[in-house]
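What follows is a short report on a single structure.
The values are calculated or read from the model by the stated rules, or taken from the named source; none is laboratory data. Computed from a predicted model, the values in this text were never measured in an experiment. Cβ placement follows ideal geometry from the backbone for every residue including glycine, while neighbour counts extend to all protein chains displayed.
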Amino acid sequence: MSIDSGPRSPDLATVLTAHPGREIAGRVLLFGVIWMLLAGADASSWLVGAPSVLAATWASQRLAQRTRGLSLPGLLRFLPYFIYESVRGGLDVALRVLRPRMRISPGVQTYRSRLDDRAARVFFAGSISLLPGTLSADLRGRTIHVHALDARGDLAPDLERLELRVADLFAQPLAPAQPPEAAT
């Protein structure tokens, strides 16, 4: 026997996204509060704050339309990885510069992404600079050219780990790996 308690009230996310006006108003409110926390309650700060809040609202709305949605659990797993790799990458570059004989042998390596979603691939390419001594130099389709301060080692294992994290963040399965001759 079940007891029907009548119609359920929608959750907050449903209410905010059900009507575009509410979603935009929620974003304006959120960015306005962030501005106030950063700049204080001085009315003159809104000369810069109001256009900034509107620009942030517009940008976030556009970005939200282009992405399929991020996974909250994936984001919670990505953040510690992001912080760890940021610190590791910064320390690596600093140590290379401070050592009398720098370990550098610059070069470019090519990596073929297995991410299907373009937004996820762009995020992945942008995140490559987290890895020690690396920078995404070019993204064309699924092919990413990665500049490395020391290209003597194989970057693929680190790139694969990062790609797995990005796939988890975007709640997206990775496409099957292609054989080397098909990856060109």
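The residue that is farthest from residue 102 (Cα to Cα), counting only those in segment 151-160 that are without any contact (Cβ under 8 Å) to a residue 40 or more places away in the chain and surrounded by 13 or more Cβ atoms within 10 Å (Cβ to Cβ), is 160. Across segment 114-128, a minimum of one residue is classified as in the same structural domain as residue 90 (by TED's automatic domain parsing), within 22 Å of residue 95 (Cβ to Cβ) and surrounded by 15 or more Cβ atoms within 10 Å (Cβ to Cβ).
The numbered conditions (1) in contact (Cβ under 8 Å) with a residue 60 or more places away in the chain; (2) surrounded by fewer than 19 Cβ atoms within 10 Å (Cβ to Cβ) are all true for residue 102 except (1).
Name the residue that is modelled with the highest pLDDT, counting only residues in segment 32-72 that are of a type in the set (Ser, Thr, Tyr) and closer than 21 Å to residue 119 by Cβ.
Here the residue is 57.
Screening residue 29 with (1) touching a Ser or Thr at 6+ places or on another chain (Cβ under 7 Å); (2) at pLDDT 85 or above; (3) closer than 22 Å to residue 72 by Cα gives one miss only, at (1).
Has segment 1-24 got at least one residue that is closer than 23 Å to residue 169 by Cβ, modelled with pLDDT of 85 or more and assigned to a helix (DSSP H, G or I)? Checked segment 1-24: no residue is closer than 23 Å to residue 169 by Cβ, modelled with pLDDT of 85 or more and assigned to a helix (DSSP H, G or I).
Considering only strands (runs of 3 or more DSSP E) fully contained in segment 74-184, which possess at least 3 residues that are out of contact with any Gly (no Cβ under 7 Å at 6 or more places or on another chain) and within 24 Å of residue 62 (Cα to Cα)?
Of the strands (runs of 3 or more DSSP E) lying wholly inside segment 74-184, those with at least 3 residues that are out of contact with any Gly (no Cβ under 7 Å at 6 or more places or on another chain) and within 24 Å of residue 62 (Cα to Cα) span 134-140.
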